[in-house]
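Structure first, then comments.
The values are calculated or read from the model by the stated rules, or taken from the named source; none is laboratory data. Computed from a predicted structure; not experimentally measured. We place every Cβ from the backbone using ideal geometry, glycine too, and count neighbours over all the protein chains shown.
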Amino acid sequence: MAYSWAQRIEELPVEMRLLLALLSRDGETGSLSEAYDSVWEQVDWDQFIELAMHHRVFPNLYPILKNGYKERVPEEVLRRCYELYSRNTLQMLYFTAEMSKLGRLLSDHGIRCLFLKGPVLAQDLYGEVSLRTSSDLDVLVPVEMLDEAEALLASSGYIKDEYIRSVLNDWKWRHHHYAYVHSATGLKVEVHWRLNPTPALDPRFDELWERKRVSTLSADPLYYLGREDLFFFLATHGARHGWSRVRWLLDIHKLLGQNPDPDRLTRTLKKYNVVSIGGQALALADRLLSSEMAPELRKLRDRPRSQKLAMEAMYYVERRINLHNKPLPEEVERYHKRHQFRLLAPGRKTFFTLSLLFPYPEDADTLPLPKRLHVLYIPLRPVLWLWRKTGGRGR
């Protein structure tokens, strides 16, 4: 490569290099090499805390700093880290209780569900719910049970966020979850019927259910993804967000420490056309967190396309990009769209390109038609798109 990994990492701010070095030790304290002696002296601690918050890894850093590097860190910095860690612990305990209630509610009404992130993921990957952050609860249900799940949430005080607009019932394949917010507590729950939005190719719910695991967090059974399915989900989710938060990569790092079955994992990635996305995750985990992995997975990591896509993802890390801060700067928006397209396998690129010909809500805004005539948006879409691009002036 014209621009090596060593150069790319060396040009990261010292605060970012220290953060990655601490996280890569898996909680081993006092194990940084002498090469980091000078780094400690250069750290801007305000910047370090900002990075830890941006990447959502402050719960992991606090015990490492407290137990192994207390003499290196200013007292006020440790105090701030402790405050963040304590606040997160309380929130995750609250989420654990609410997740148990939600699981029981759905189960009692015959709705199978798989929890995707939140406390079950924290317990599985980190051993403690306090060591991972979460802002909501994510649960996957069969698409045919979505209406029943929505009715149960509504009866329990949840209000649906009607941000998804649909033309010709495209929501089932173009989107992957609805969001609900509790009217009294403000708790947000995302109910998924797919793991990823289009143009992703996803496992069917029944397949995931067959390979499910049971969490020990609650007296009631709480189900979550099997190990290889979890890697698939974490890799595709992280890639979709440009790996702009190290927490997603740290999840991959921790999961690799559980030794997922490399053959089964490789078959899953191939089946759903995401070999390069899986390879990107492995390459980033290797380069940024020194993750260990089986020889079969190292082959995926070392593929030229995996390395290229991983190098492209450094764009987000270097610039501390937050894709949730809308509107994005024009440069970031352009880069993200191009990068997301490059992540796709050839067949998925074709599907995505064809999906652009299917009507969008903007078409209905441009030319309102009665619902019975919405099928006309299909042949009209190119005309309506051109009309919007030219400001309604035509050519």
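Can you name every residue in the range 378-395 that is at pLDDT below 90, among the charged types (D, E, K, R) and assigned to a helix (DSSP H, G or I)?
The answer is Arg388, Lys389.
Which residue is surrounded by the fewest Cβ atoms within 10 Å (Cβ to Cβ), if the candidates are limited to the range 145-164 and must be more than 23 Å from the chain's Cα centre (by Cα) and not small (Gly, Ala, Ser)?
Here the residue is Asp147.
Does at least one position in the range 234-247 carry a residue that is among the small types (Gly, Ala, Ser), within 17 Å of the chain's Cα centre (by Cα) and assigned by TED's automatic domain parsing to the domain that holds Leu140?
no
Between a residue in the range 72-97 that is within 17 Å of Gln42 (Cα to Cα) and any residue that is of a type in the set (Val, Ile, Thr) and assigned to a helix (DSSP H, G or I), which pairs come within a Cβ distance under 9 Å, given they are 6 or more apart or on different chains?
Pairs found: Val77/Ile49.
Does Ala151 fit the bill of being outside any loop (DSSP other than H, G, I, E, B), within 16 Å of Glu190 (Cα to Cα) and free of Cβ contacts under 8 Å to residues at least 60 places away in the same chain?
In short, yes.
Restricting attention to the range 121-144, which residues are outside any helix (DSSP H, G or I), surrounded by 17 or more Cβ atoms within 10 Å (Cβ to Cβ) and acidic (Asp, Glu)?
Across the range 121-144, the qualifying residue is only Asp138.
Can you name the residue in the range 101-120 that is in contact with a strand residue (DSSP E or B) (Cβ under 7 Å, 6 or more places away or on another chain) and outside any loop (DSSP other than H, G, I, E, B) and is also surrounded by the fewest Cβ atoms within 10 Å (Cβ to Cβ) among such residues?
Phe115
Just checking, which of Arg342, Arg381 is in the same structural domain as Ala313 (by TED's automatic domain parsing) and surrounded by 11 or more Cβ atoms within 10 Å (Cβ to Cβ)?
Step by step, each of Arg342, Arg381 is checked, and only Arg342 is in the same structural domain as Ala313 (by TED's automatic domain parsing) and surrounded by 11 or more Cβ atoms within 10 Å (Cβ to Cβ).
Among the residues of the range 165-183, write down those that are modelled with pLDDT under 95, assigned to a loop (DSSP other than H, G, I, E, B) and surrounded by fewer than 16 Cβ atoms within 10 Å (Cβ to Cβ).
Hits for the range 165-183 are Arg165, Ser166, Leu168, Asn169.
I'd like the full set of residues that are outside any helix (DSSP H, G or I) and without any contact (Cβ under 8 Å) to a residue 60 or more places away in the chain, limited to the range 332-374.
Result: Leu356, Leu357, Leu367, Pro368, Leu369, Pro370.
Give me the pairs, please: first residue somewhere in the range 285-310 and under 18 Å from Leu249 (Cβ atoms), second residue anywhere and among the acidic types (Asp, Glu), beta-carbon distance under 6 Å, and either six or more positions apart or on two chains.
Matching pairs, first to second residue: Arg301/Asp286.
For the structure I just gave you, tell me whether Ser134 is touching a strand residue (DSSP E or B) at 6+ places or on another chain (Cβ under 9 Å) and small (Gly, Ala, Ser).
Judged against the criteria, Ser134 is not a match.
Scan the range 277-302 residue by residue and report those that are part of a loop (DSSP other than H, G, I, E, B) and buried (at least 17 other Cβ atoms within 10 Å of the Cβ).
Ser291, Met293
Sort through Ser86, Ser130, Ser134, Ser107 and tell me the only one that's of a type in the set (Ser, Thr, Tyr) and under 18 Å from the mean Cα position of the chain (by Cα).
Ser134
Is it the case, given these coordinates, that Glu207 is surrounded by fewer than 23 Cβ atoms within 10 Å (Cβ to Cβ), over 14 Å from the mean Cα position of the chain (by Cα) and farther than 25 Å from Ser134 by Cα?
yes
Report whether or not Arg211 is among the basic types (Lys, Arg), outside the structural domain of Ala281 (by TED's automatic domain parsing) and closer than 30 Å to Ser290 by Cβ.
Yes, satisfied.
Can Arg287 be described as modelled with pLDDT of 95 or more and closer than 27 Å to Val57 by Cα?
Judged against the criteria, Arg287 is a match.
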